[in-house]
Amino acid sequence: MKLNQFAIVPVTPEQERTELVRIQMIHERDLALPTVLFFHQLLINSFPETQTLSSGEEKIAGLMATPTQNALAYLRTHDNVSQQVFYNIYLQLLYFLPERDFDLGDPLAITHKVNLPIFKTATLDNTELLHGWYQLLITHNMNGQTFLDDLTSRGYFQAMVHNAAIKKPVIFNGKTQAVYDTTALIHEVVYVESPQDTDHDGQRDLLKVEVTRPAESNQQPVPTLYTASPYNQGTNDEAGDALTHNVNVPLTEKPVTSNTIGDQAEINRDVPAPREIASLTQTAEERMGNSFDYSLNDYFLARGFAVAYASGIGTKDSDGLRTTGDIEETIAATAVIEWLDGKRTAFTNRTDNIAIKAWWSNHHIAMTGRSYLGTLATAAATTGVEGLKTVISEAAISSWYDYYRENGLVIAPGGFPGEDADVLAEETFSREKQPGDYYRIKSKWQNALNQMTLDQDRETGNYNQFWDARNYRKDVANIKADLLLVHGLNDWNVKPKNVGKLWQAIRNLPITKKVILHQALTFTSTICAH
């Protein structure tokens, strides 16, 4: 998932000054400096990789202020800062090149590409410079990053990470900044007790959850970025390939019928009693390494978020059976949220019943992910589970029928003929990767897998109870979390109608929502790729 940020929070001039002081871009005393010296100080602070005044001024000299004078020479020979000079330097700091991308003699000609701050006077005072600099920090450069994120990657906040006087989190224009120490992260594993027994062993399913959090969370609660990823504990690619269905079969004529669902049979969800808690601790006894698949996690860890991963039922080190998208999988996803929100029990291991709370959590949870990961985030949102504040889903399924079927026809994800719900379940049933565990559950799993193959009905392709149980759009009225939906219009894996129909269903909900559609393939491999 790319780290593109487009949201800008409108703030007052007073807030701009307060926030610039907060991130130590300026100090209050700087506002009394002559304008040229104030501008010089802002420029020095824009090269955090330099350690001395001389090396900082060398960087300033690398910018052009006018068609004939570099920025350092200009500052040494002028007692004011003109609009044109400010714009020229502003654009270069965003990696626009003079003569190629814009004209030093007429920088305003680029305003059809870049929104430049507007000033009322031809020469700028410190107040106008302050406003212009704030706008610069929240503007995207040629590489797609905001200027402040660019400064962050060059070490701007390093001095603040270990400064005990800095109150965390540090917020700038509504976003947390990278002032948390990522060299001292805490990696721990817990086992959340989920209110289900999908492997029918008489005990509630335990779900392995891997947590990485800043050390500062021991002193101050933090929000959590949670990803439900069935791939996180590995996949059974060969077994999935062996189960893939033959598509070279004749089509048979189907009788016309007005209803293919039939009477809904009541689901028997007898749930065993919770385990008795032997004792309570705040210390996990199992650790895990950093095996993140994408940099989004590292980005948020530096900004004061915890990161949690859970693969769900039927995966390695967890209980249960894979069910591909039904209510049981949704319950497993929300059980982790409920633990993070302080409403469910987790244990330090699978046998001793030593309970551990997410005592470091501030009960604000966001879910994110692409494809299957985003699908489970969407499913969790439709339960209205408390604590889930935001869902960012990319290329997510909103109804599994619209993934594997089409108006009574059996179809497949783009490029993967013969793939179906049972194949995906087999591929993600990573309990097979622990032979001792798999031996105990093998017959139950094969029976459940055979039933899934039957229930998914490749003979007619009808919308039946199996698919109705995997239609999240029926429950959108429950959604309380804010939603950001991202989808590629050329995605033939998770087809765009999944996001289109979901958007239509949520349009009138009283939540903050946005959809971003683009022309690329969101995800070029099957839902079961990882």
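In region 68-78, which residue that is closer than 16 Å to residue 93 by Cα and touching a residue at least 12 places away in the same chain (Cβ under 8 Å) is surrounded by the fewest Cβ atoms within 10 Å (Cβ to Cβ)? Checked region 68-78; the qualifying residue surrounded by the fewest Cβ atoms within 10 Å (Cβ to Cβ) is 72. Applying a threshold of 6 Å to beta carbon distances and a minimum spacing of six or more residues, or different chains, the list of pairs starting in region 26-51 at a residue that is without any contact (Cβ under 8 Å) to a residue 60 or more places away in the chain and ending at one that is among the acidic types (Asp, Glu) and assigned to a helix (DSSP H, G or I) reads 41/30.
I'd like to know if region 288-311 contains one or more residues that are on the phi > 0 side of the Ramachandran plot and either within 22 Å of the chain's Cα centre (by Cα) or in a helix (DSSP H, G or I) (or both). Among the residues of region 288-311, at least one is on the phi > 0 side of the Ramachandran plot and either within 22 Å of the chain's Cα centre (by Cα) or in a helix (DSSP H, G or I) (or both), which makes the answer yes.
Is it the case, given these coordinates, that residue 231 is crowded, with 17+ Cβ neighbours inside 10 Å, assigned by TED's automatic domain parsing to the domain that holds residue 411, aromatic (Phe, Trp, Tyr) and touching a helix residue (DSSP H, G or I) at 6+ places or on another chain (Cβ under 7 Å)? Explain how you work it out, then say what you get.
On the way: crowded, with 17+ Cβ neighbours inside 10 Å: yes; assigned by TED's automatic domain parsing to the domain that holds residue 411: yes; aromatic (Phe, Trp, Tyr): yes; touching a helix residue (DSSP H, G or I) at 6+ places or on another chain (Cβ under 7 Å): yes.
Answer is yes for this residue.
Scanning region 123-145 finds no residues that are surrounded by fewer than 16 Cβ atoms within 10 Å (Cβ to Cβ), within 19 Å of residue 92 (Cα to Cα) and touching a strand residue (DSSP E or B) at 6+ places or on another chain (Cβ under 9 Å).
The residue that is nearest to residue 151 (Cα to Cα), counting only those in region 93-108 that are outside any loop (DSSP other than H, G, I, E, B) and out of contact with any strand residue (DSSP E or B) (no Cβ under 7 Å at 6 or more places or on another chain), is 93. Considered as a group, the residues in region 339-355 that are under 19 Å from residue 381 (Cβ atoms) and touching a residue at least 60 places away in the same chain (Cβ under 8 Å) include one that is farthest from the chain's Cα centre (by Cα), and that residue is 344.
Take residue 492 and tell me if it is hydrophobic (A, V, I, L, M, F, W, C), in contact with a Lys or Arg (Cβ under 8 Å, 6 or more places away or on another chain) and either more than 24 Å from residue 366 (Cβ to Cβ) or part of a helix (DSSP H, G or I) (or both). Talk me through it step by step, then tell me what you get.
Working: hydrophobic (A, V, I, L, M, F, W, C): yes; in contact with a Lys or Arg (Cβ under 8 Å, 6 or more places away or on another chain): no; either more than 24 Å from residue 366 (Cβ to Cβ) or part of a helix (DSSP H, G or I) (or both): yes.
Against the criterion (hydrophobic (A, V, I, L, M, F, W, C), in contact with a Lys or Arg (Cβ under 8 Å, 6 or more places away or on another chain) and either more than 24 Å from residue 366 (Cβ to Cβ) or part of a helix (DSSP H, G or I) (or both)), residue 492 does not qualify.
Screening residue 262 against (1) surrounded by fewer than 16 Cβ atoms within 10 Å (Cβ to Cβ); (2) assigned to a loop (DSSP other than H, G, I, E, B); (3) modelled with pLDDT of 80 or more leaves a single unmet condition, (3). Inspect all residues belonging to region 153-163 and state whether any of them is within 27 Å of residue 350 (Cα to Cα) and in a loop (DSSP other than H, G, I, E, B). No, because not a single residue in region 153-163 is within 27 Å of residue 350 (Cα to Cα) and in a loop (DSSP other than H, G, I, E, B). Answer yes or no: is there a residue in region 411-422 that is closer than 18 Å to residue 459 by Cα, without any contact (Cβ under 8 Å) to a residue 60 or more places away in the chain and surrounded by 13 or more Cβ atoms within 10 Å (Cβ to Cβ). Within region 411-422 (the criterion being closer than 18 Å to residue 459 by Cα, without any contact (Cβ under 8 Å) to a residue 60 or more places away in the chain and surrounded by 13 or more Cβ atoms within 10 Å (Cβ to Cβ)), the answer is yes, since at least one residue qualifies. Annotation: of all residues in region 12-50 being farther than 20 Å from residue 88 by Cβ and either of a type in the set (S, T, N, Q) or in contact with a Pro (Cβ under 6 Å, 6 or more places away or on another chain) (or both), the one that is surrounded by the most Cβ atoms within 10 Å (Cβ to Cβ) is 50.
Within this structure, residue 499 fails the test of being among the aliphatic types (A, V, I, L, M), in a loop (DSSP other than H, G, I, E, B) and surrounded by 22 or more Cβ atoms within 10 Å (Cβ to Cβ). Considering only region 193-203, I want to know if a residue exists there that is outside any loop (DSSP other than H, G, I, E, B) and outside the structural domain of residue 21 (by TED's automatic domain parsing). Scanning region 193-203, I find at least one residue that is outside any loop (DSSP other than H, G, I, E, B) and outside the structural domain of residue 21 (by TED's automatic domain parsing), so the answer is yes. Within the option set 116, 72, being under 15 Å from residue 136 (Cβ atoms) and either in a helix (DSSP H, G or I) or aliphatic (A, V, I, L, M) (or both) holds for one residue only, 116. Answer yes or no: is there a residue in region 480-502 that is free of Cβ contacts under 8 Å to residues at least 60 places away in the same chain and more than 18 Å from residue 413 (Cβ to Cβ). No - not one qualifying residue is present in region 480-502.
Residues of region 435-448 that are surrounded by 15 or more Cβ atoms within 10 Å (Cβ to Cβ) and not small (Gly, Ala, Ser): 437, 438, 441, 445.
The values are calculated or read from the model by the stated rules, or taken from the named source; none is laboratory data. Everything numeric here is computed off the predicted structure, so don't read it as measured data. Ideal geometry is used to build each Cβ from the backbone, glycine not excepted, and the neighbour counts take in all protein chains shown.
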